[in-house]
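Undergrad: The structure under discussion is supplied below as structure tokens; questions concerning it will follow.
The values are calculated or read from the model by the stated rules, or taken from the named source; none is laboratory data. All values derive from a computational prediction rather than experimental measurement. No Cβ is skipped: glycine too gets one built from the backbone with ideal geometry, and neighbour counts run over all protein chains shown. Ligands, DNA and RNA are stripped out before the accessible areas are found, and what is left, the full protein with its side chains, is counted by its heavy atoms. Shrake-Rupley method; radii C 1.70, N 1.55, O 1.52, S 1.80 Å.
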Amino acid sequence: MLELLPGLTRIYEEWAEKYPDVQPLTIQFPARESDGEGEDRGGLDGVLAYPLEGHWLLVTFGLTELGEKTSEEPRVSGSGFEFSCRIPRGPEETAVPAWILRVLHAVADNFLAGTDLDVGHWILTPSPLGGEPANGDMTSLVIVPDVDIAHITTPNGIVLFFQLVGLMSGEGQDVQEAGTSSPLVAVLRDRDPKLVSDPAREAVRL
């Protein structure tokens, strides 16, 4: 099957090289609807979930061209990026929390609806991420280059990996007022090089 999907194969291969002893869970989403004219509306096909020590690594697939090249830009695959995210994982946890899948879906849908997303951008939400009450004060996201793999080259063009990092409400407000996320991200990276989105972490005050 994968030989028919060279774009997806490259994503698998690159992350397998980074984590050779970890078998990811492959979470596939329901088939997407067409736009009424036989054209796929786009969206996420699924998520690769790597059960690492202390956290889950989630990597989306579907925003880029997984099979045949269909776009006219030879240097870029599809949208040009996939999302990644890291969230806490208990030592015996074997299932990916549903809330993070909702977050990835929502951000992808917003992008496909016309929202401009790039490194350094942030997203403020009125409620805990994924609608999960246990996430408490973690209500915002910022986009950074993935801390492990920033980009890869596939037969269909380049693919960037945009890591979504959860922010506390006060952090999101600070970023909004400052007009930049760089100072906050620098502090968070110093605390945790993997930039795990942990709702239980201590908030940063710049």
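Undergrad: Taking amide H positions as placed in the peptide plane 1.01 Å from N, state which residues far from H55 in sequence (5 or more) or on other chains have amide H under 5 Å from it.
TA: R89
Undergrad: Leaving out ligands, DNA and RNA, what percent of the accessible area of the chain is carbon and sulfur, probe 1.4 Å?
TA: On the way: 5410 of 10470 Å².
Within the chain, the accessible surface is 52 percent carbon and sulfur.
Undergrad: Quick one: helix 6-18 against the long Cα principal axis of the chain, what's the angle to the nearest 10°, folded into 0 to 90?
TA: Roughly 40 degrees between the two axes.
Undergrad: May I ask you to rank R89, R189 by accessible area, largest first, using a 1.4 Å probe over the protein chains only?
TA: The residues order as R189, R89, largest area first.
Undergrad: Measuring from centroid to centroid over Cα atoms, what is the spacing of the stretch 82-97 and the stretch 164-206 in Å?
TA: The two parts, judged by their Cα centres, are 19 Å apart.
Undergrad: Considering Cα pairs under 8 angstrom that are at least six residues apart, work out the relative contact order of the chain and quote it in whole percent. Provide the component values of the computation, followed by the final result.
TA: On the way: 360 pairs, mean separation 39.2, N = 206.
Reported as a whole number, the value is 19 percent.
Undergrad: With only Lys, Arg, Asp and Glu charged, each at its Cβ (+1 for the first two, -1 for the last two), find how big the charge dipole of the chain is about the Cα centre; round to the nearest 20 debye. Don't jump to the answer; show the numbers that get you there.
TA: Values: 14 positive and 33 negative charges, 92 e Å.
With only Lys, Arg, Asp and Glu charged at Cβ, the dipole is about 440 debye.
Undergrad: A follow-up question, please. What net charge is computed for the residues neighbouring E14, neighbours being all others with C-beta under 13 Å from the C-beta of E14, Lys and Arg scored +1, Asp and Glu -1? Before the final figure, lay out the partial values.
TA: Working: positive: R10, K18; negative: E13, E17, E82, D146, D148.
Summing Lys and Arg as +1 and Asp and Glu as -1 gives -3.
Undergrad: Quick check on the stretch 165-206: take the gyration tensor over C-alpha atoms, sort the square-rooted eigenvalues as a ≥ b ≥ c, and tell me if it's rounded (a/c under 1.5), prolate or oblate. Display every interim value, and only then the final one.
TA: Details: a/c = 2.02, a/b = 1.38, b/c = 1.46.
Because a/c hits 1.5 or more and a/b fails to exceed b/c, the stretch 165-206 counts as oblate.
Undergrad: Right, another one. Run through every distinct alpha carbon pair of the stretch 1-158 and return the Kirkwood hydrodynamic radius in angstroms, one decimal place. Can you show the working numbers first?
TA: Numbers: mean 1/r = 0.0600 Å⁻¹.
Result for the stretch 1-158 stands at 16.7 Å.
Undergrad: Restricting things to alpha carbons, find the Rg to Rh ratio for the stretch 113-197 using the Kirkwood radius for Rh.
TA: Numbers: Rg = 13.8 Å, Rh = 13.8 Å.
The Rg/Rh ratio comes out at 1.00.
Undergrad: Considering only protein heavy atoms, what is the solvent-accessible area of L206 at a probe of 1.4 Å, reported in Å² to the nearest 10?
TA: Surface accessible to solvent at L206 totals approximately 130 Å².
Undergrad: Please give me the summed charge of the neighbours of C85: other residues whose Cβ is under 14 Å from its Cβ, Lys and Arg +1, Asp and Glu -1.
TA: Details: positive: R86, R89, R102, K194; negative: E82, E132, D146, D148, D192, D198.
That works out to -2.
Undergrad: Would you work out which of V47, P24, M168 lies farthest towards the positive end of the dipole of the chain? Charges go on Cβ: Lys and Arg +1, Asp and Glu -1.
TA: Positive-most Cα among the choices belongs to M168.
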